Structure formats: C-alpha cells, structure tokens
1. Scan region 13-49 for residues that are β-branched (Val, Ile, Thr) and touching a His at 6+ places or on another chain (Cβ under 8 Å) and jot them down.
2. Among residues belonging to region 75-115 that are part of a strand (DSSP E or B) and without any contact (Cβ under 8 Å) to a residue 40 or more places away in the chain, point out the one that is nearest to Ala18 (Cα to Cα).
3. Restricting to region 1-57, and then to whatever is among the hydrophobic types (A, V, I, L, M, F, W, C) and free of Cβ contacts under 8 Å to residues at least 24 places away in the same chain, can you tell me which residue is surrounded by the most Cβ atoms within 10 Å (Cβ to Cβ)?
4. I'd like the full set of residues that are closer than 23 Å to Gly186 by Cα and out of contact with any helix residue (DSSP H, G or I) (no Cβ under 9 Å at 6 or more places or on another chain), limited to region 72-107.
5. Just checking, does region 26-47 include any residue being farther than 25 Å from Asp183 by Cα and not in a loop (DSSP other than H, G, I, E, B)?
6. If I go through region 58-70 residue by residue, how many of them are touching a residue at least 24 places away in the same chain (Cβ under 8 Å) and farther than 19 Å from Arg8 by Cβ?
7. Can you tell me how many residues in region 116-125 are of a type outside the set (Lys, Arg) and outside any strand (DSSP E or B)?
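Please treat every number below as a calculation from the coordinates, not as lab data. This is a predicted model, so every value here is computed, not measured. Reconstructed Cβ throughout: ideal geometry from the backbone, glycine too, with neighbour counts over all protein chains shown.
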Amino acid sequence: MFTGIVQRRGRVVEKDLASEWGRLVVDADQWDRPVEIGESVAVSGICLTVKSIDGPHLSFDVLRETVRRTNLRALPAGHAVNIERALRWGDPLGGHIVVGHVDGTATVRTIEPVGRDWRFEFACPAELMDGMVFKGSVAIDGVSLTIAEMTEDSIRVHIIPHTYEVTCFGVYRPGDIVNVEVDLLGKFARRFVERGVAFPGITWERLRREGLVAELPPVDGGADGV
C-alpha cells in the first residue's frame, strides 16, 4: 500500500514488453534505506515487485494485465517515472490510500500556469469518470491529488511548485498518457450501490427515530412558512 506522496523521480532504463508482458528496469537512484529484493515499489502508480537490483537499477517482472491497463508500453527508455516505496507501519499517511492497482489511463489535455501553480486537465474515459468525485482523491501516475474541477469527460487538478519539481508533472506535455487509480473507498461505495445492497431499509425518518439525526426547530418564516 502507498500514500501517493512520491519520493523521487526515476527513469526507464530498459523494457521488454514485446509479448505484452516481460521486464522493466528503472533507475531509482540510491536510498538511505536500501531497497530489497521482493519489496513492493510504485512506479508511476503501478505496484511492482523488485526482482533484482544492480546499483540504482531496479528490475521488475510485468504481467500482461499490467501492460494492458497502464501506460508502460508508451514509455520509451529515458522517460521519467514517479517512485514511491511501500508504506511501512507507523509511516505518516500524507496523501490517501493508494494500492497501486491502476484502473486505466488518461491523456494530458491542457497545462496552464495559474499564478505560482499549474492547472492540469486530463481527458478520461467514461469508466474512469464514473469513479471521480468533485474534491475527491485520485492518483495520477501515483501522485495523490484532489479533483478541483470536473467536466463530462475530464478532471482538473492544481499542482504546487514542489510537486511540479519532484514528480513527472514537470515533464508532462499535452497528449502524454498517464496512469489513473480512482479512490479505493469510492470503489467500495460504488460496488455496494450497484449491487443494491448499500444501506437497505435506511430512511431519513428511521434515522430520526433512532436519534441519529437531530430534530430541527421549526422555521419562523411568516404565514407562508418560507
């Protein structure tokens, strides 16, 4: 599990995905706490398991499903990637719960400076938009963000200078493809609602009878009650 607080920006060194699965090598630089074989690392929001280590280079096996759902096939050697190591017990949860299971990809539509910050718009397919909520959380290439604006087919987020400098947001251009993971809690809520099993039998009157919502005093609005 991750938090969406990217720790550094790495780069793709090598990849072999010719058969829609294969191997990915990333230069993740050196760490004060050495990375270990078998450790989970989020590479631009994709949870991968470290297979081998050669200095700063981390090697990962990649599944067919991972290739199908993510932007890995579109990343050339040398391309920047966001790196985050898995959350440890006791670490601060600075962003939101990110599991590294990418739901799909979006496309950078526009990039606009807004004062000292930047506003990014991402065009998203309908299945991703169904999981978006205004002011809700979303992970873009593994970065925990808050949805500032929504349209029928896109979301907009605001990026502060620190995030722009230490993550891939500083190198994005319109047309780039990014990985998207919608909020995990929203996925569960949506699943319950779709199955028709969310809060069966719950009504406002029942909540009032149980004392779970307060009785509001009558509004003195005159003869018409408005």
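1. Val13, Val25, Val26
2. We begin by selecting, within region 75-115, every residue part of a strand (DSSP E or B); these are 80-85, 98, 104-114.
Retained after the next criterion (residues that are without any contact (Cβ under 8 Å) to a residue 40 or more places away in the chain): 112-113.
On the way: Glu112: 36, Pro113: 38 Å.
Of everything passing the filter in region 75-115, Glu112 is nearest to Ala18 (Cα to Cα).
3. Val50
4. Listed by number, the residues that qualify are Glu84, Ala86, Leu87, Pro92, Leu93, Gly94, Gly95, Gly100, Thr107.
5. Yes; the residues of region 26-47 include at least one that is farther than 25 Å from Asp183 by Cα and not in a loop (DSSP other than H, G, I, E, B).
6. 9
7. Initial filter on region 116-125 (of a type outside the set (Lys, Arg)): 117-118, 120-125.
Applying the additional criterion that residues be outside any strand (DSSP E or B) yields 124-125.
Total satisfying the criteria: 2.
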